[in-house]
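K.L.:
Would you mind keeping the following structure in view while I ask a few things?
The values are calculated or read from the model by the stated rules, or taken from the named source; none is laboratory data. Values in this document were obtained by computation on a predicted structure and should not be read as measured data. All Cβ positions, glycine included, derive from the backbone under ideal geometry; neighbour counts span all protein chains shown. We work out accessible area using only protein heavy atoms, side chains counted, and drop any ligands, DNA or RNA first. Shrake-Rupley method; radii C 1.70, N 1.55, O 1.52, S 1.80 Å.
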Amino acid sequence: MHVFGSNELVEDVLKTDLCVGCGACVNLCPYYKTWRGKTARLFPCDLPRGRCHAYCPKAEVDLDELSRKIWQTTYDGSPLGNHRKIIAARAGEKMLPGAFQAGGTVSALVTVALRNGLIDAVALTDRQGLTPVARLITDWREVVNCAGTKLMAAPTLAAVNEAVGQGRRRLGVVGTACQMTAVAQMRTNPLEEEDFSDPIALAVGLFCNWSLDTRQFQQFLSAKIDLAAIRGMDVPPPPADILVLTTDTGTVEIPLSQIKPIIAQTCFTCPDMTAEFADVSVGMFEGRPGWNTVIVRSDKGAELIEKARGEKYLETEAMPEENIAHLSRAAAEKKARALRMLMRRNLLNNKNGRHAAVRMPTEIVERILKG
Amino acid sequence: MSILIEGKSGTRHLLMGNEAIARGALEAGVHVAAGYPGTPSSEIIESLAKVCGPRNLYVEWSVNEKVAMEVAAAASFAGLRSLCVMKQNGVNVASDFLLHLAGSGTRAGMVIVPCDDPGALSSANEGESRHFARLVEIPLLEPGDFQQAKDMIKWAFALSEQIRNPVMVRSVTRLSHASGNVVFGDLPAVDAEAYFKHDGPALDPLQGVMLSYPVALKHRGQQEKLQQAVSLFEQSPFNTYEGPENPELLVITSSACCLYSTEAIHLLGLEERVGLLKLTTTWPLPPQLMENYLARTDKILVVEEVIRFLENEVKVLAAELAPRIGIKTFFGKKDGLLPTVGELNPDLVAGALARIFKMDYEPVAATYAAQAAEMAAKAPGRDLTFCPGCPHRASFWTIHNVLEMDNRQGFVCGDIGCYSLAMLPSGFSTLKTLHAMGSGAGLASGFGKLKAFGMDQPAVAVSGDSTFFHAVLPALVNAVHQQSDITLIVLDNSGTAMTGFQPHPGRPVDAAGNPAPQIDIASVCEAIGARVRTCDPFDLERTERTLLEMLADTPGVKVLVLKQICALSPEKKAKKMFEMRLDESICLGENCGCNRLCTRIFKCPGLNWDAAAGVARIDEVICAGCGVCASICPAGAISKKEVA
């Protein structure tokens, strides 16, 4: 894994629009700030290597190295990544209905982790107005305040860095695939610090196809609707092909074709649909409203699922094979699309000292592209 | 009480050039003086303001130079001698009125004193007022020393009354701000009565209307007045010649260059070979006087600062006189002997003389120059920087950071004042344009209309409180009316700080220190239709939040007033708000940010880097106790305690 400094991060990621605004570089030093979905660096820094670069999910991410460190196995390019099992789940009877979106699995898992002291605090994504903001939560009762998709890229990891800076360990974090990649890099002590200890006790990943550019989305919506009246938003499973906004006075439907132009361009370089470096990844269950698809990846993730089920915060069922096959196909297609985009933008496995966004063995690249 | 009115006639006093000019005006019986602060001119109005009571004088710091000239002209129309003072580019501001005033004529003596700044020691330009005298066709006088600075002001008032038109007396930094001996003359009685007679025959200069109409007729009359001035110039006692009857070279010079030329001739021991004509009546040149001296030699060197003015005038005259005085060889700027930018000095003039006389002359010995350069390299770097405790440092810290966070490559259109320094690292290199007074807001008004062409960058303008009244107001009105999308940040530090805290319309006092109605900047902006917020720039968090919100708000004209008194303001009496403390055990030193955030980036002079100990320290002597560094220290090593 090549780790460079702040200047390389600015040149390779911020200035090339690769930055998704995940917050991984924010709150490590006084210079990186996040505001309305964008990350900015206030002043130059001459350090040759920095955590800002090391954590970034868009700068020199070596998937094989990361996979070896997190999963003790090579990166094989399989559509859904390293995992133990895939199940269906939804919030159990202990969770209050209506306080969460879709199946409520994420809220349930985080609640259980906090209640049982598996984690001391969790970095979630809240909203300020319509803008997603990072929020560190220590009280399980506040988890539901952050429930629901934001659709826009969120600087969630800024809260992780802030908490680590305050000396917290045993942190939970909920985030999208790119954020789980950053979190994985955080856990591998990329700068080889002597007093390092892994601060992340639980990483819950969210399935993600794309996120919207925060500013363009708000501008787009403000032309149609009073932003202050929006209470929630959702993209129902296909074939709906719409974005549904919940407001005080009802719902507003917007065809997805209208918002596709404001998908963050960097998302088209992302090969990961199911947050492959999380302990457990959660997404929707296509065709079965009110349920989630859950990919259990680590021991920790499996234990948490069991605990949540045992305490009746979670209800689980087996996942039909055909749904897994369908999910797998979608994930494989996203991988292949992303690799083609990375190659077109000259960001994959660059040689001769040129920086790459993503690295993986060439035979894996070929395997993914062959489908 | 001031020496300017206590000094008895015939006594000798050490005066700054600007004080000499003020004394000259008092000896001339001036009754109204108006100006706008600007280095190197400000002390003239200040000196007069101090004696306005006993001398029955009305003195004002006007809102800008054009209004100052109008105020002075009104006094002249009503029969009172008046003085109008400004720095060089102030004449640009006033020039529209000046053009018309020269056409309408004046009554009681009216003298305009621009103080130029060759080398732009305290300016954003090295513009020249001399050309305006020729442009609007009024007489130009240039005193060459301190005594002349006083005496010629008095003479100028008399001249103005003789030709019934304003007279320009031009000073420069090295005359205005240097000091020399001046022998005082008499002060006249102080009583005066003002009355504007306007119902006599229309074209009567003392009883009719004051207009430049009918233009051609008045213009011809103005040019006749100028000819009268020329005949007076022929006899002027202020034009002097030193040197042999028939010198090998005639040096023609004026203003501060009289002193440089005298010294240069002496340095080279050329007193017996070079003649020195020190001209004080530089436009229009008196032809008979010039013929007399031009005829004595074939070689002429014209010594003047910045671009050619005197050199060209002399050449034109010499061409006209050629049949009688013969063909001359000229030296000066056209041949590159003297520079056309920056100030002159005795060495540069001596260098020019040495080349003409083919002498070996080294103003500074090569070994000495090498040694000096070596020593200079060892001296610590001293950036131009804001003072410790300056509100501008805090303001630009926030403005810079907000523009970066806003992330649309926004920029700040700068303006004239201490805050112009924000073009440098002291202000985090935040200013991207810098032009005339008020131009920041005007440029922003233009930038703010370019959205239609795909420009998404936020246009921000900054303005000082005095600058706001001087020239920002029209630009702001324009921006509102044209529905431009701009954010104006008024850096209100409660006075015209850069030039010495002269009051302005936003202050509760006038030039004489008397109470005056105070015009509230925020209310004015609101009345125009701007969305206005006010913050204390020392409250970094609130200011940052406010400005971020303003930039993200819907398009339109937004004004943020950042109100905090200048650290050097006499009102503060150097009192610290906070006692600052730095805990060395917490300071991260070179590991802070990527390296010393407070001393490498924030750079308040009150913070020192102790390289040996590897920590920052607070210099208690220099620290002004503003408390801002406690907010920027990421480690929380700096704390503040309110001073009781």
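K.L.:
In vacuo Debye scattering of segment B:385-470, one point per C-alpha: log10 I(q)/I(0) at q = 0.15 Å⁻¹?
P.N.:
The calculated log intensity ratios at q = 0.15 Å⁻¹ are -0.52.
K.L.:
Let me ask something else about it. Out of all DSSP beta bridges in chain B, what portion is antiparallel? Express it as a percent rounded to 5.
P.N.:
Once the DSSP bridges in chain B are tallied, antiparallel ones form about 25 percent.
K.L.:
Collect residues whose amide H, placed 1.01 Å from N in the peptide plane, falls under 5 Å from the amide H of A:V358; neighbours closer than 5 in sequence don't count.
P.N.:
Hits under the 5 Å cutoff: A:E60, A:V61, A:N349.
K.L.:
Could you provide, to the nearest whole Å², the per residue accessible area of chain B with probe 1.4 Å? If you can, show how the numbers build up before the last one.
P.N.:
Numbers: 26590 Å² over 644 residues.
For chain B, the solvent-accessible area averages 41 Å² per residue.
K.L.:
If you average the alpha carbon positions of segment B:4-63 and of segment A:122-168, how far apart do those two centres end up, in angstrom?
P.N.:
Their Cα centres are 66 Å away from one another.
K.L.:
Just checking chain A: which Cys have no other cysteine's beta-carbon under 4.7 Å?
P.N.:
A:C19, A:C22, A:C29, A:C56, A:C146, A:C178, A:C208, A:C267, A:C270 - these cysteines have no disulfide-compatible partner (Cβ-Cβ under 4.7 Å) in chain A.
K.L.:
Once you keep just the Cα pairs under 8 angstrom separated by 6 or more residues, what percentage relative contact order results for chain A? If you can, show how the numbers build up before the last one.
P.N.:
Numbers: 775 pairs, mean separation 84.6, N = 371.
Computed value for chain A: 23 percent relative contact order.
K.L.:
Could you sort B:I565, A:I368 by their accessible area in this structure, using a 1.4 Å probe and putting the largest first? Please list the in-between numbers first.
P.N.:
Details: B:I565 35, A:I368 10 Å².
These residues rank, largest area first, as B:I565, A:I368.
K.L.:
Please turn the phi angles of segment B:537-550 into ³J(HN,Hα) values with the Karplus equation 6.51 cos²θ - 1.76 cosθ + 1.60 (θ = phi - 60°), one per residue in order, whole Hz, x for glycine and proline.
P.N.:
With coefficients 6.51, -1.76 and 1.60, one gets x, 5, 8, 4, 5, 5, 5, 4, 4, 4, 5, 4, 5, 5 Hz.
K.L.:
Below 8 Å between Cα atoms, with a sequence gap of 6+, how large is the relative contact order for segment B:391-572 in percent?
P.N.:
On the way: 377 pairs, mean separation 41.6, N = 182.
Taking the mean separation of contacting Cα pairs over the length of segment B:391-572, I get 23 percent.
K.L.:
With the cut-off at 25 Å, report for segment B:240-356 the share of all Cα pairs above it, as a whole percent.
P.N.:
Details: 815 of 6786 pairs.
Result for the distance tail: 12 percent.
K.L.:
Across bins of 10 angstrom width beginning at 0, how are the C-alpha pair distances of segment B:3-234 distributed, in whole percent?
P.N.:
Per 10 Å bin, starting at zero, the Cα-Cα P(r) for segment B:3-234 comes out as 9, 36, 37, 16, 2 percent.
K.L.:
Roughly how many Å is it from the Cα centre of segment B:474-500 to that of segment B:272-290, as a whole number?
P.N.:
If we compute the Cα centre of each part, the gap is 47 Å.
K.L.:
Taking a spot 7 Å from the Cα of B:V215 along the direction of its beta carbon, which residues of segment B:65-98 have an amide N less than 19 Å from it?
P.N.:
Within reach of a label on B:V215: B:95-98.
K.L.:
How long is chain B along each principal axis, judged by its Cα atoms, biggest number first, in Å?
P.N.:
Projected onto the principal axes, the Cα atoms of chain B cover 82, 72, 58 Å.
K.L.:
Moving on. In square angstrom and rounded to 100, what buried accessible area do you get between chains A and B, total over both, with the probe at 1.4 Å? Before the final figure, lay out the partial values.
P.N.:
Working: alone 16670 and 27310 Å², together 42470 Å².
About 1500 Å² of accessible surface is lost on pairing.
K.L.:
When the expected Rg is taken as 2.2 N^0.38 Å, what fraction or multiple of it is the alpha-carbon Rg of chain A?
P.N.:
On the way: Rg = 19.4 Å, N = 371, 2.2 N^0.38 = 20.8 Å.
It is 0.93.
K.L.:
What are the semi-axes of the equivalent ellipsoid for the protein assembly as shown, taken as the square roots of 5 times the Cα gyration tensor eigenvalues, largest first, in whole Å? Present the calculation step by step, with values, prior to reporting the outcome.
P.N.:
Numbers: eigenvalues 1090, 188, 137 Å².
Equivalent-ellipsoid dimensions as semi-axes: 74, 31, 26 Å.
K.L.:
Okay, next question. Can you check what the net charge comes to around A:P361, using other residues whose Cβ is under 13 Å from the Cβ of A:P361 (Lys, Arg +1; Asp, Glu -1)? Can you show the working numbers first?
P.N.:
On the way: positive: A:R68, A:R359, A:R367; negative: A:D62, A:D64, A:E65, A:D76, A:E363, A:E366.
Result for the neighbourhood of A:P361: -3.
K.L.:
Can you give me the three principal axis dimensions of segment A:215-261 from its C-alpha atoms, in Å, biggest first?
P.N.:
Projected onto its principal axes, the Cα set of segment A:215-261 covers 29, 23, 13 Å.
K.L.:
Could you tell me which trypsin sites (Lys or Arg not before Pro) in segment B:1-77 are loop residues by DSSP with no more than 13 other beta carbons within 10 angstrom of their beta carbon?
P.N.:
Numbers: sites: B:K8, B:R12, B:R23, B:K50, B:R55, B:K66; in loops: B:K8, B:R55.
Answer in residue order: B:K8.
K.L.:
So which chymotrypsin sites (Phe, Trp or Tyr not before Pro) in segment A:169-257 end up in coil per DSSP with only 15 or fewer other C-beta atoms within 10 Å?
P.N.:
Working: sites: A:F196, A:F207, A:W210, A:F217, A:F220; in loops: A:F196, A:F207, A:W210.
Within segment A:169-257, the qualifying chymotrypsin sites (Phe, Trp or Tyr not before Pro) (loop, at most 15 other Cβ atoms within 10 Å) are A:F196.
K.L.:
Evaluated at 37 °C with a viscosity of 0.692 mPa s, what Stokes-Einstein diffusion coefficient in µm²/s does segment B:162-201 have when Rh comes from the Kirkwood expression over alpha-carbon pairs? It would help to have the intermediate numbers written out before the result.
P.N.:
On the way: Rh = 15.3 Å.
Rounded to a whole number, D works out at 214 µm²/s.
K.L.:
Could you work out the relative contact order of chain B? I mean the mean sequence separation of Cα pairs under 8 Å and 6+ apart, divided by the number of residues, in percent.
P.N.:
For chain B, the relative contact order is 10 percent.
K.L.:
Please identify every one of the GluC sites (Glu not before Pro) in segment B:247-297 that sits in a loop by DSSP and has no more than 16 other beta carbons within 10 Å of its own beta carbon. Can you show the working numbers first?
P.N.:
Details: sites: B:E248, B:E263, B:E271, B:E272, B:E291; in loops: B:E248, B:E271, B:E272.
Passing both the DSSP loop test and the Cβ count: B:E248, B:E271, B:E272.
K.L.:
Nearest 20 debye, what's the magnitude of the dipole of segment A:1-61 about its Cα centre given +1 on Lys and Arg Cβ and -1 on Asp and Glu Cβ? Don't skip to the answer; put the middle values down first.
P.N.:
On the way: 8 positive and 6 negative charges, 61 e Å.
Using only the charged Cβ atoms, the result is roughly 300 debye.
K.L.:
For segment B:522-588, which semi-axes, largest first and in whole Å, follow from the square roots of 5 times the eigenvalues of its Cα gyration tensor?
P.N.:
Numbers: eigenvalues 201, 77, 7 Å².
Semi-axis lengths for segment B:522-588 are 32, 20, 6 Å.
K.L.:
Among residues other than A:E311 whose Cβ falls under 14 Å from its Cβ, what is the net charge (Lys/Arg +1, Asp/Glu -1)? Kindly include the intermediate steps, with their values, before the conclusion.
P.N.:
Numbers: positive: A:K94, A:R115, A:K307, A:R309, A:K312; negative: A:E93, A:E303, A:E306, A:E315.
Around A:E311, the charge tally is +1.
K.L.:
Show the residues, 5+ positions off or on another chain, whose built amide H is closer than 5 Å to the amide H of B:R596.
P.N.:
Here B:E590, B:N591 satisfy the definition.
K.L.:
Rounded to the nearest Å, what's the spacing between the alpha carbon centres of segment B:369-390 and segment B:402-418? Just the number, please.
P.N.:
Taking the Cα centre of each part, segment B:369-390 and segment B:402-418 sit 28 Å apart.
K.L.:
Suppose only helical runs count, i.e. DSSP H with n ≥ 4. What mean residue ellipticity at 222 nm does that imply for the protein assembly as shown under -39500 (n - 2.57) per run, divided by all residues and rounded to the nearest 500 deg cm²/dmol? Don't skip to the end; give the middle numbers.
P.N.:
Details: 31 runs with 329 residues, N = 1015.
Theoretical 222 nm ellipticity from helices: -9500 deg cm²/dmol.
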